[in-house]
Amino acid sequence: MRTVLEEVRSWHRPLMLMVLAMSGLVLTAGVGLAVDGREILNESVWLKPFKFGLSFVLYGATLAWLLSKLRKAKRFGWWTGTVFAITGIVDVGFIAVQAARGTFSHFNDNSDTFNQVGQKVFMSGVMGLFGASLVVAIMLLFQRIGDAPLNRAIRVGLGLAVAGMALAFYLVGSQGQRQEVTDAYGHPVTLAGSHGIGVEAGGPGMPLTNWSTVGGDLRIPHFVGLHAIHFLLLTVLALSILAARVEWLRPERVRHRLVGVAAFGYTGVMITVTVQAFRGQALIHPDVQTLGLLGGFLAVSLAALFGVVAAARRQADVRRPAERAEGFEKLGV
């Protein structure tokens, strides 16, 4: 336990302070979900800060760990992480304040001074978060911070996270769609933009996520991309644990290839849900075209998986007699 705590203390401190602040927001918003009955567009005013806080806890802690492993340009990496931390606190802080006010953070085009200033800061923050993540991703392309499977997971995961963040530029109003709604107190609010495609804000949504069940929703590929690195890091961890018991998983190149297969499959899922959203189709109502696209990616992934596993087992079978013979030679048999 002491070793783990010492490791965490070495992580990027400003980002870890941001993670601590976001953890506090998750707890506060959780209480708000339980005791505050105010709603906007049929969901609790505290649901959005709860979700954003949780995402920033996961992503911020991951970045803090990655930046602590840099071997080159460490100072530049420290400043990049600090920019992300400050921008994250400001942006998610604005979301939390707007929730407490019972109004909208995203797309709010009302003319009151606080909202107008907050929107400009908020939109600038999107660029800061995207830019910092892109810089870290580029830095890690030219550095190794672990074995081959871990490096592949980090590079692909951060690349997909940056791609998911890029969708935020569309989410902050590039659609030009305007809609009149009301806040938690019944006051009119003009929304200039939407995360939905072919559906108005406030339509039927899935539990907790509130992703649309009747049209396209760009929050889905945004979410999938942002958390790609967590999926791939968990894949690396699972393969490492299994390698202690499964002989053919022990060679590094085998796990490297399997991480590549997982990365390809995950990328296919992200491409599928992105295309589906832009086609104005709900996640839970895929048509033949969407299923065909997803099926194609999964078929290639499964074929690659079977190929890697079969080759690894053959190599293990070849190595086993050779290792046994070498052992006999050492014993002088």
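Side notes on the structure shown:
- Label-point separation in nm, Ser10 to Leu237, each point 7 Å along Cα→Cβ: 1.9 nm
- Candidates Val224, Val254, Val156, ranked by Gaussian network fluctuation over the chain, Cα under 10 Å, top entry: Val254
- Sorting Val97, Val26 by solvent-accessible area of protein heavy atoms yields Val97, Val26, largest first, with a 1.4 Å probe.
- Full extension of the chain between Ile138 and Ala166 gives 8.6 nm of extra length, using 0.36 nm per residue less the Cα-Cα distance.
- Relative contact order computed over region 18-82 (Cα-Cα under 8 Å; 6+ residues apart), in percent: 35 percent
- Sites counted here are trypsin sites (Lys or Arg not before Pro) in a DSSP loop (not H, G, I, E or B) having no more than 13 other Cβ atoms within 10 Å; the longest part of the chain that contains none of them is 145-244.
- Taking each residue as 0.36 nm, the span from Leu208 to Val117 lengthens on full extension beyond its C-alpha to C-alpha distance by 29.8 nm.
- Using the rule -39500 (n - 2.57) for each DSSP H run of four or more residues, divided by the residues of the chain, the 222 nm mean residue ellipticity is -24000 deg cm²/dmol.
- Estimated FRET transfer efficiency (Arg178, Leu54; beta-carbon r; R0 41 Å; 0.05): 0.85
- For the chain, hydrophobic long helices are taken as DSSP H runs at least 30 Å long by C-alpha position along their axis with mean Kyte-Doolittle hydropathy of 0.0 or more; these are 13-35, 47-68, 74-100, 113-141, 148-169, 252-278, 288-331.
- In the context of the full set of protein chains, region 178-236 has a per residue accessible area of 42 Å² (1.4 Å probe).
- Once the chain from Ala316 to Phe264 is taken as fully extended at 0.36 nm per residue, the excess over their C-alpha distance is 16.2 nm.
- Each of the chymotrypsin sites (Phe, Trp or Tyr not before Pro) that DSSP puts in a loop and that has at most 10 other Cβ atoms within 10 Å breaks the chain; the longest unbroken stretch is 186-333.
- Cα centroid separation, region 10-30 to region 35-79: 8 Å.
The values are calculated or read from the model by the stated rules, or taken from the named source; none is laboratory data. This is a predicted model, so every value here is computed, not measured. All Cβ positions, glycine included, derive from the backbone under ideal geometry; neighbour counts span all protein chains shown. Surface accessibility is based on the protein's heavy atoms, side chains included, excluding ligands, DNA and RNA. Shrake-Rupley method; radii C 1.70, N 1.55, O 1.52, S 1.80 Å.
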